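J.: I have a structure I would like to understand better, so I am pasting it below and will then ask my questions one at a time.
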Amino acid sequence: MMLFRAIVLWTVQMLLFGIGIGTAGLLAHLFGPIIGQAFAIDELIPTALIFFTVAAALGWLGNRFWPEDWMHNPLL
């Protein structure tokens with residue numbers, strides 16, 4: 001029963017991911033240049049890279065030095 005539950009969860013996640021990627025791709029194709037100019041995406045990309053790199057490093061350090069038993073998830 002747990003295997004069936006895991007399979008259903010992964011299937012639903014893949015379906016939702018596919019819908020999200022498809023929608024994002026279509027919208028990027030149709031409105032990408034307009035949105036890129038309006039929000040100056042070329043200036044935001046380095047900032048986003050630095051932000052997510054620092055956030056990932058802090059998350060890794062937190063997991064490495066302050067592990068918690070409740071964080072164990074066999075599906076990950």
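No lab work stands behind these numbers, since they all come straight from the coordinates. If you're wondering where the values come from, they're calculated on a predicted model, not measured in any experiment.
J.: Only helical DSSP H runs with n ≥ 4 go in: add -39500 (n - 2.57) per run for the chain, normalise by residue count and round the 222 nm mean residue ellipticity to 500 deg cm²/dmol. Could the numbers behind the result be given before it?
T.: On the way: 2 runs with 63 residues, N = 76.
Calculated at 222 nm, the ellipticity per residue is -30000 deg cm²/dmol.
J.: Next up: Report which label in (i) -0.47, -1.39; (ii) -0.85, -1.10; (iii) -0.46, -1.25 holds the value of log10 I(q)/I(0) by the Debye sum over Cα atoms at q = 0.14, 0.27 Å⁻¹ derived from the coordinates of this structure.
T.: Evaluating log10 I(q)/I(0) by the Debye sum over Cα atoms at q = 0.14, 0.27 Å⁻¹ on these atoms matches (ii).
J.: To the nearest 10 degrees, how steeply does helix 2-39 sit against the main Cα axis of the chain, on a 0 to 90 scale?
T.: The two axes meet at around 20 degrees.
J.: So how tilted is helix 41-65 from the main axis of the chain? Cα-based, degrees 0 to 90, rounded to 10.
T.: Relative to the chain, helix 41-65 is tipped by roughly 10 degrees.
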